[in-house]
Every structure is written in structure tokens, then in C-alpha cells.
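The values are calculated or read from the model by the stated rules, or taken from the named source; none is laboratory data. Since this is a predicted model, take the numbers as computed values, not measurements. Here the Cβ is made from the backbone with ideal geometry for all residues, glycine too, and neighbour counts use every protein chain on show. Remember, those area values only see protein heavy atoms, side chains included, never the ligands or the DNA or RNA. Shrake-Rupley method; radii C 1.70, N 1.55, O 1.52, S 1.80 Å.
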Amino acid sequence: KSNAAGTKDSPMDIYTAVKIAAPGQKILIKEGTYNLSSTVKVERGINGTADAMIYMIADPEAGSRPVFDFGGKCAGMILAGDYWYFQGFDVTRSADAQKGIQVSGSHNVLDNINTYHNGNTGLQISRLYSTDTREQWPSYNLILNCTSYGNADAGYEDADGFAAKLTVGDGNVFDGCLAYNNADDGWDLFAKVETGSIGSVTIQNCVAYGNGYLEDGTNAGNGNGFKMGGDSMSGYHKLINSYAFNNKAKGIDSNSCPDIKVYSSTTFDNESYNVAFYTNTAVNTAFAADGILSYKVSNKVAEQFKLLGTQNAADVKGATNYYFDGSKSVNNNGKEATASWFKSLDTASALKDGGITRNADGTVNMNGFLE
């Protein structure tokens with residue numbers, strides 16, 4: 001209730017709690033499903049501090065996760081404050097074309113949050129208002145060990161697992177996150193000319209698979225694993241120690257961004273290119289790659305490269321990178337990567353329950369698949 005004390009025996013409703021929370025306080029969410037009919041919004045200006053964040057976390061004594069179920073009625077959650085820490089709860093069934101969680105503040109941490117079956121992107125970082133200047137765009141947010149799946153808008157056009165696009169500032173990081181069976185892409189870092197370049201985004205220790213298909217096999221949207229740009233605009237986004245497999249389209253897609261950086265990442269059996277480094281209108285590219293392992297057994301689609309102008313080709317095609325040429329995976333010296341390099345290439349087993357899991361600390365465990 002709105003007038004409750006906010007104790008275990010007299011719990012306050014979530015809408016009131018996010019209005020009155022102060023730096024250093026914790027909102028404990030009891031287990032159960034919360035059937036909500038209006039958006040939960042942390043307003044701009046309701047902030048923690050670097051030394052005293054505001055916490056909204058699942059009750060540590062509970063036996064199951066709390067679930068915010070919006071019943072297809074509205075947008076899910078909007079986090080416009082700074083220095084908040086979300087942990088351990090689920091957000092589902094936002095309305096068609098409405099996001100599950102929108103992060104529009106800065107210096108926030110979202111830890112072990114699950115977003116699924118929402119009517120648009122599960123978890124997206126983007127500005128709060130169309131009038132916000134770049135200085136107000138969300139910056140330095142950490143999305144940690146989160147999972148986003150089965151998100152789909154009615155037209156299968158926009159619903160990604162995760163996104164940091166159109167209007168985001170510097171320093172946003174996705175670490176240890178898992179995106180699968182979303183209607184559109186696993187990750188989308190799209191930028192467009194009308195709003196200008198976005199801040200550099202880092203994606204690390206993450207996994208994207210099965211995007212473009214829903215969980216029941218429905219053929220949905222674009223289906224890229226990691227889509228890392230747009231409109232041929234500079235971004236210098238980084239993909240590190242991550243996996244893309246079985247996506248309907250590309251595994252790692254520059255999406256015309258001319259300067260993405262990819263390190264120590266594996267891409268396997270995506271239906272289109274495993275790796276696509278290209279731009280549409282930029283004169284120069286500045287791609288960098290070190291430790292890409294691209295491998296295929298299900299199709300013969302080779303990589304896509306469009307290196308232009310001042311690009312140093314060695315920055316992309318050095319000996320540490322193994323690209324699929326249509327028949328095999330080789331480096332620039334002709335050395336071939338083979339199936340024996342992997343602990344497992346058994347996709348069917350990887351997609352079963354228990355195939356890809358999380359360790360006790362929340363990090364992703366591939367359990368040998370593609371390792």
C-alpha cells in the first residue's frame with residue numbers, strides 16, 4: 001500500500017517506494033508475481049551517490065525470483081535516476097512496442113535481471129526525452145550477468161534482447177549477458193545521422209544465439225547476434241570474449257559502423273556471415289580484430305569484408321584471426337582451424353536445459369560448447 005510503513009509486515013507498493021527512496025536505502029522485493037498495469041518509473045533527480053547507491057533488490061531470504069508482469073498494458077520500467085542498483089528480479093510482458101526496461105540515467109548497475117516476452121527490446125539504454133541534450137544521455141551504466149529472451153513486437157521489427165542505441169553517452173558496458181530467441185537482434189547499437197554518433201559501448205563475456213527466431217521456431221525479424229552500429233557512423237564499440245552462434249543472419253555485424261573492435265570472440269554457424277566488417281558511406285574504415293575464431297559446419301557463407309581508405313588490413317586479417325572462406329577457417333598464413341580445436345560443437349546439447357548455464361558468481365558457463 002502507498003501509506004504502508006515499508007516493513008516486511010507492512011510492505012509499501014513499488015510505485016511509492018521508487019519515489020521516496022534515498023541514497024543508501026534498499027528496496028527489498030518480496031518473492032511472487034506482481035501484476036502491474038502502469039509503468040514503474042524512477043524519475044530523473046531521484047538519485048543515489050557514488051558512495052551510497054539506492055538498491056532495488058530481490059529479498060535475499062526468498063526462495064524464488066520476484067516477477068514484474070505488466071500484462072501487455074504498458075511500458076515496463078524506466079530508470080531515469082542515477083546511481084541505482086537493480087538485482088535479482090524479472091520483467092515481462094510490456095505492451096506491444098514498449099520496452100521491458102529502459103535505462104535513461106547514468107552510473108547505474110543492473111545485475112542478474114531477466115527480461116523476457118516483452119513487446120519491444122528487453123533492456124535498452126537510451127535517452128529519457130527527445131529534448132535531452134547529449135550531456136543528458138545515459139552514460140557509465142553496467143548491465144551485468146543479465147538475460148534477455150523471447151522479446152517480440154507485433155511486427156517483428158524492433159525487439160532486441162539488449163540495446164544501447166540512438167542516444168547513449170560514453171562508458172556503457174554489457175558484461176556476462178545472454179540474449180537469445182529475440183525477434184530482432186541479440187544486441188543493437190544502432191546510431192543514425194539525425195541524432196549523431198553514440199558513445200563507445202563495450203560488450204564482453206556475452207553470448208547471442210537464435211535471434212531472429214522465437215522460442216517456438218517462429219521466423220521473426222532480422223536476427224543478428226551482435227549488431228554494432230548504423231548509418232556508417234563512428235562508434236569504436238568493442239566486443240570482447242563473446243560468442244555468437246545460430247543466429248538467423250550475421251554473428252558479428254558492424255552494421256556499417258566503420259571502426260568496431262573485436263577481440264577474442266567466437267562466431268559459429270550463423271546463417272549469413274559469421275563476421276561482417278563493412279561500411280556503406282564512410283570513406284575510411286578503422287576496424288580492429290585480434291583473436292576472432294569463425295567456424296562453420298552447416299553452411300558455406302563466407303565472411304563479408306569492406307575495408308576502405310586508410311584502413312590497415314593487417315589490423316583485421318592478422319594471424320590471430322581465423323575467418324571462414326566458404327569451405328574452411330584459416331588465418332592469413334593459411335593455417336586452418338579444425339573441429340578438434342573445440343571441446344564441443346554439439347549445438348543441440350548446448351541448447352538443452354543445462355547446456356549453457358551460469359556459475360555461482362553469475363558469469364556464463366558454456367560447459368564446453370565452443371570452448
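Output the number of residues of the range 291-320 satisfying the condition of being in contact with a Gly (Cβ under 7 Å, 6 or more places away or on another chain) and more than 22 Å from residue 222 (Cβ to Cβ). Let's see the steps before the verdict.
Going through the range 291-320, the residues in contact with a Gly (Cβ under 7 Å, 6 or more places away or on another chain) turn out to be 300, 302, 320.
Going one step further and asking which of them are more than 22 Å from residue 222 (Cβ to Cβ), we end up with 320.
Adding up the residues that qualify gives 1.
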For the range 173-223, how many residues are in a loop (DSSP other than H, G, I, E, B) and either at positive phi or not small (Gly, Ala, Ser) (or both)?
24
Identity of the residue in the range 83-97, among the charged types (D, E, K, R) and more than 12 Å from residue 110 (Cα to Cα), that ends up most open to solvent (accessible area, probe 1.4 Å)
93
Among the residues of the range 135-154, are any more than 22 Å from residue 255 (Cα to Cα), open to solvent by 40 Å² or more (accessible area, probe 1.4 Å) and of a type in the set (Ser, Thr, Tyr)?
yes
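For the structure I just gave you, tell me whether residue 34 is open to solvent by 50 Å² or more (accessible area, probe 1.4 Å), assigned to a strand (DSSP E or B), hydroxyl-bearing (Ser, Thr, Tyr) and at negative phi. I'd like the intermediate steps shown before the answer.
Values: open to solvent by 50 Å² or more (accessible area, probe 1.4 Å): yes; assigned to a strand (DSSP E or B): yes; hydroxyl-bearing (Ser, Thr, Tyr): yes; at negative phi: yes.
Here the answer is yes, as residue 34 does meet what is asked.
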Go through (1) hydrophobic (A, V, I, L, M, F, W, C); (2) under 24 Å from residue 150 (Cα atoms); (3) touching a Gly at 6+ places or on another chain (Cβ under 7 Å); (4) surrounded by fewer than 20 Cβ atoms within 10 Å (Cβ to Cβ) and name the single condition residue 70 misses.
(4)
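Select, from 19, 8, the only residue that is open to solvent by 70 Å² or more (accessible area, probe 1.4 Å), assigned to a loop (DSSP other than H, G, I, E, B) and either without any contact (Cβ under 8 Å) to a residue 60 or more places away in the chain or of a type in the set (Asp, Glu) (or both). Outline the logic, then answer.
Working: 19 fails: assigned to a loop (DSSP other than H, G, I, E, B).
Testing whether each residue is open to solvent by 70 Å² or more (accessible area, probe 1.4 Å), assigned to a loop (DSSP other than H, G, I, E, B) and either without any contact (Cβ under 8 Å) to a residue 60 or more places away in the chain or of a type in the set (Asp, Glu) (or both) leaves just 8.
Condition check ((1) charged (D, E, K, R); (2) at pLDDT below 95; (3) surrounded by fewer than 15 Cβ atoms within 10 Å (Cβ to Cβ)) across all residues:
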| residue | (1), (2), (3) |
| --- | --- |
| 26 | yes, no, yes |
| 30 | yes, no, yes |
| 38 | no, no, yes |
| 44 | yes, no, no |
| 57 | no, no, no |
| 74 | no, no, no |
Just need a number here: residues in the range 103-119 that are in contact with a Lys or Arg (Cβ under 9 Å, 6 or more places away or on another chain), within 17 Å of residue 57 (Cα to Cα) and open to solvent by less than 20 Å² (accessible area, probe 1.4 Å).
1
For the range 279-295, which positions are over 24 Å from the mean Cα position of the chain (by Cα) and crowded, with 19+ Cβ neighbours inside 10 Å?
282, 285
Check the range 177-190 and report whether any residue there is more than 12 Å from the chain's Cα centre (by Cα), free of Cβ contacts under 8 Å to residues at least 24 places away in the same chain and closer than 21 Å to residue 200 by Cβ.
no
